[in-house]
1. Which whole number gives the average, over all residues in B:109-116, of C-beta atoms from other chains lying within 10 Å of the residue C-beta?
2. Scan around residue B:324 for amide H atoms under 5 Å from its own, H built in the peptide plane at 1.01 Å from N, and keep only partners 5 or more places away or cross-chain.
3. Using the Karplus curve 6.51 cos²θ - 1.76 cosθ + 1.60 with θ = phi - 60°, work out ³J(HN,Hα) for each residue of the stretch A:165-179 in order, rounded to whole Hz, and write x for Gly and Pro.
4. Using the Karplus curve 6.51 cos²θ - 1.76 cosθ + 1.60 with θ = phi - 60°, work out ³J(HN,Hα) for each residue of the stretch B:215-223 in order, rounded to whole Hz, and write x for Gly and Pro.
5. Kirkwood hydrodynamic radius (Cα pairs, Å) of the protein assembly as shown?
6. Using the per-residue mean of other Cβ atoms lying within 10 Å as a proxy for protection, in what order, highest first, do the peptides B:49-60, A:26-37 fall?
7. Per residue of A:80-87, what is the mean number of Cβ atoms on other protein chains within 10 angstrom of that residue's Cβ?
8. Taking the Cβ of each residue in A:92, B:117 as the centre, tally the other Cβ atoms inside 10 Å and list the residues starting with the fewest.
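Computed from the coordinates by the stated procedures, all read-outs in this text should not be read as laboratory data. Model, not experiment: these values are computed from the prediction. Please note: Cβ atoms are built from the backbone with ideal geometry, for glycine as well, and neighbour counts cover all protein chains shown.
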Number of protein chains: 2
Amino acid sequence: MAATLHDVARIAGVSIKTVSNVINDYPHIRPSTKQRVVEAIAELDYQPNLSARSLRSGRTGVIGLAVPELSLSYFAELADAVIRSAERHHMTVLIEQTGGDRRREIELLSSPRRQMTDGLLFSALGMDSDDSEYLRVGYPLVLLGERIFGGPTDHVTMRNVDAARAATEHLISQGRRRIAIIGAHEGEIIGSAGLRLRGYREALEAAGIPFDPALVGYTTLWHRSNGASAMRDLLASGVRFDAVFGLNDTLTLGAMRVMQEAGLRIPEDVSTIGFDDLDEAQYSLPTLSTVDPGREEIAETAVRILLERIAETNPAAPPREVLADFRVVERESTVSLTA
Amino acid sequence: MAATLHDVARIAGVSIKTVSNVINDYPHIRPSTKQRVVEAIAELDYQPNLSARSLRSGRTGVIGLAVPELSLSYFAELADAVIRSAERHHMTVLIEQTGGDRRREIELLSSPRRQMTDGLLFSALGMDSDDSEYLRVGYPLVLLGERIFGGPTDHVTMRNVDAARAATEHLISQGRRRIAIIGAHEGEIIGSAGLRLRGYREALEAAGIPFDPALVGYTTLWHRSNGASAMRDLLASGVRFDAVFGLNDTLTLGAMRVMQEAGLRIPEDVSTIGFDDLDEAQYSLPTLSTVDPGREEIAETAVRILLERIAETNPAAPPREVLADFRVVERESTVSLTA
DNA sequence: ACCACATTTTACAACGTTGCATCTACCGCC
DNA sequence: GGCGGTAGATGCAACGTTGTAAAATGTGGT
């Protein structure tokens, strides 16, 4: 079967420990010895047994990434970025899908699989701040997302409130006053929906525009179809609006499609902005203005912090919270009122 | 730190082997003993050490999935389906991205990481049939995709030619005669592009429609922007067409956007069909007719076959090729000529 | 030639688990 | 009462690696 240290040692005429030393770049090895070992390794096409190595060292070289669903573009693009980041640090990524289900999220935190990872990047969706004690786990954990703040672990996330306020301000600056919002979650305070709604309200308030509950479209999920049906409801209600802020791009694209079917022109009749800056937003008709929440930066930072924690000798360092920079991306779907 | 078999054994007052037997459902254990062990396991919150287990057993419980990029929706949806399938078999999935690069694909086949997986689902994009010898590896490997046929391994894929012919026939049955095709690859015979182009030509031929090279839009990649620019070129060339077959949905959505900008009506002026049946195709404007190539079935079958190979004692069984069923999905973007 | 000291190599024991072989106790049967 | 057989429990070795510590070898100075 596969060659082991013993085989290499036999061929090179040294002890297995010497082979191990060569592989691990131990400095004090005679060049001639090293060369013989290297040749034997090449001859046998030796590859270290990773199970044995991690049994011995307690490290696996794998980090976990838990997300709700890869078929949600935001998480697919996040996973892509995380894998590329991890690669640069010679780490592999094991992806788990939770479906956004609280129970599965909690289970996953203490699943035997945590054993095969050195640490976990955890994008919670079903859990909330009340559950934050579950995050007190015995391995390095970096939280992503906006469901839990002030928890016991490091946390890398986006500036939801600020970014949503900036998006709304962008619409206001174009002379829009009746700004519908799509994707709100009934009663939510913390969480992407709650925080972005808050940014929206702050922007309105700052501009002296009264908040009109009739302009809020609620959805449970953020799939395209939810955006579409929220918009259908909004149109059916007869409420007047001249702009839409969709709480993510996917929702917004669904809503746009319904508006266009209904004969509304975007951006002339309804200036529309989304959130996430998916690749897709560049190719819709019209192209979608949106907020880039700093996804690449989030992935990169989260991986870096997780690896720091893994390497750390003293795990008692206080939890850090990192907020990525965001950016409003103006495209065709938003334009000033020409009236 | 974490509890081991020894700890459990001490608490339960039995040998570690008995604990191991309980965990592995060895039949001959006195119920009272079993109960004591189970209680001790619960008390210590014991979880087996997976590194030790795989060192001993040679199995990891992990399968690898190599895809070009997760940010391509097709692969994100495929990965989602594979993970869900694997979950049902109590397996974990380790995802690797190759970027569709031939060299990286080849490297990955003999990477030390193969060590941490019991087998690999491999979606090749950069390699071609000339490289098929690289697939002769010492571990269970199931090939996905359409770059290599007749290779030495099991292969699960879609009926590209038939499905593309069916898509084209769908357009022809609606009275379309000038059918543009977008996303072809110069000179490719094998591969999604080459095979689907062949299906297109077969359909034309069967209908007695001459093949017009001016109607072929070439692209290197299949991102949205490639579809958009191919369509721009097509429009700039002045060639006349009354239908478009996009070789995948993403391309097609990019092309649709350019057509609409140019004032073409879909489906009236240009009946349009894609390929992949992405979630997104249900929410574009108009909704996109497309081909469902059987992605779920592919994921499920591939996982099943891989696990069979892993469990197999005699690995000499001849390679199998499985083709999933496809289905033309009619939506708003295709309609009969009303002349 | 011998010592002090640095370089190079090695032996051994673990990491936590499971396969194999073995051992004891007990059961039913002639 | 002795024997074969099965249920139930165990001890030992091994999977392939690396940390520790110590042994072997080499170098230079006296």
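1. For this peptide, the per-residue mean of nearby foreign Cβ atoms is 4.
2. Correct list: B:157, B:158, B:159.
3. 3J(HN,Hα) across the stretch A:165-179, in whole Hz: 5, 4, 4, 5, 4, 4, 5, 4, 5, 8, x, 7, 10, 9, 9.
4. 8, 9, x, 8, 9, 8, 9, 10, 7
5. Roughly 27.6 Å, rounded to one decimal.
6. Working: B:49-60: 17.5, A:26-37: 12.4.
Highest mean packing first, the order is B:49-60, A:26-37.
7. Partner Cβ neighbours, averaged per residue: 3.
8. A:92, B:117
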